[in-house]
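Participant: After the structure tokens below, expect a handful of questions from me.
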Amino acid sequence: KPCPLCDEAKEVLEPYKRRFVLKEVDITLPENSAWYDKYKYDIPVFHLNGKFLMKHRVDIQKFEDQLRKLELQSA
């Protein structure tokens, strides 16, 4: 902390908050050391349904496409 890129990403994702659950992970906590080792230079990182989606900044088109695919699969 602070994480300006994380804050920016949350703002970009705000209009979609009713369509997915955002789970934030503090990679500096000891219990998240595996995430820290993997992503310490790449935050923020985004996974959707447990799969890597993107890092550093929100690619809104990619996010929308993947979210739409998930919604269609569950419909």
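Participant: Given the conditions (1) surrounded by 11 or more Cβ atoms within 10 Å (Cβ to Cβ); (2) within 12 Å of the chain's Cα centre (by Cα); (3) not β-branched (Val, Ile, Thr), and given that LYS51 satisfies all but one, which numbered condition is not satisfied?
Facilitator: With (1) surrounded by 11 or more Cβ atoms within 10 Å (Cβ to Cβ); (2) within 12 Å of the chain's Cα centre (by Cα); (3) not β-branched (Val, Ile, Thr) applied to LYS51, the lone miss is (1).
Participant: On the basis of being farther than 22 Å from PRO4 by Cα, open to solvent by 90 Å² or more (accessible area, probe 1.4 Å), among the charged types (D, E, K, R) and not in a loop (DSSP other than H, G, I, E, B), does GLU31 make the cut?
Facilitator: yes
Participant: Could you say whether any residue in region 50-58 is over 18 Å from CYS3 (Cβ atoms), at pLDDT 95 or above and in a helix (DSSP H, G or I)?
Facilitator: No: zero hits.
Participant: Output the residues belonging to region 1-27 that are assigned to a loop (DSSP other than H, G, I, E, B) and open to solvent by less than 100 Å² (accessible area, probe 1.4 Å).
Facilitator: Residues satisfying the conditions are CYS3, PHE20, LEU22, VAL25, ASP26, ILE27.
Participant: Taking the condition touching a strand residue (DSSP E or B) at 6+ places or on another chain (Cβ under 9 Å), open to solvent by less than 80 Å² (accessible area, probe 1.4 Å) and modelled with pLDDT of 95 or more, does ASP65 pass?
Facilitator: No, not satisfied.
The values are calculated or read from the model by the stated rules, or taken from the named source; none is laboratory data. Computed from a predicted structure; not experimentally measured. Here Cβ is always computed from backbone atoms with ideal geometry, including for glycine, and neighbour counts include all displayed protein chains. In case anyone asks, the SASA skips ligands and DNA or RNA and just uses the protein heavy atoms, side chains included. Shrake-Rupley method; radii C 1.70, N 1.55, O 1.52, S 1.80 Å.
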